[in-house]
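K.L.:
I'd like to ask some things about the structure below.
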Amino acid sequence: MLPLLSIEAPELVANLAIAVVAAAIFGSIARRVGLVSIVGYILAGVIIGPEGLAIIEDPDLVSQMAEIGVIFLMFFIGLEMSPELVKKVGPMMFSGGTAQIVGTCFDDFLLDRLSPQTQNCQTNTPSLAVPRCRPPAGVQSNECHPLVRDADRVR
């Protein structure tokens, strides 16, 4: 429990209140400077998060709040889009989104194939997935990513 305004509140509620207040303050500052509010919201998250002043220290909570923020952002963008605007910029959005997905998959494929961390690994997974690595014969340590080693150890 964290004391918030002299009342006991669960830590989640207190952190959410801090995030909302910070977003409101920085959002209004961004608007007064001539920027869109989302810039202020992002700046508030960076400042109060674990990498900034660490007012909200739990990185998992920050990650969850960021995901919720993206959901709200997408929702509000959907509210702002009119059918006429979708007809006007729809083909450009579709081609740009498709190009981004294809480019990201291609980059991932290249990084998977060219990364020194995975060159000596035997993969049992599709090429676009994180390989489950085993050290080559005669090698004592695994040179793969530590998260991959942890995932293998859990099994």
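The values are calculated or read from the model by the stated rules, or taken from the named source; none is laboratory data. Owing to the predicted nature of the structure, the values given are computational and were not obtained by experimental measurement. Note that each Cβ is placed from the backbone with ideal geometry, even for glycine, and that neighbours are counted across all protein chains shown.
For every residue, the table says whether it meets (1) surrounded by 13 or more Cβ atoms within 10 Å (Cβ to Cβ); (2) among the polar types (S, T, N, Q); (3) at pLDDT 85 or above.
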site	(1), (2), (3)
Ser37	yes, yes, yes
Gly40	yes, no, yes
Ala44	yes, no, yes
Asp58	yes, no, no
Val62	yes, no, no
Glu67	no, no, yes
Phe76	no, no, no
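K.L.:
Here's something else I'd like to know. List the residue pairs whose Cβ atoms are under 8 Å apart, where the first residue sits in the range 1-25 and is more than 19 Å from Pro50 (Cα to Cα) and at pLDDT below 80, the second is of a type outside the set (Lys, Arg) and buried (at least 16 other Cβ atoms within 10 Å of the Cβ), and the two are 6 or more positions apart or on different chains.
P.N.:
Leu4/Ala14
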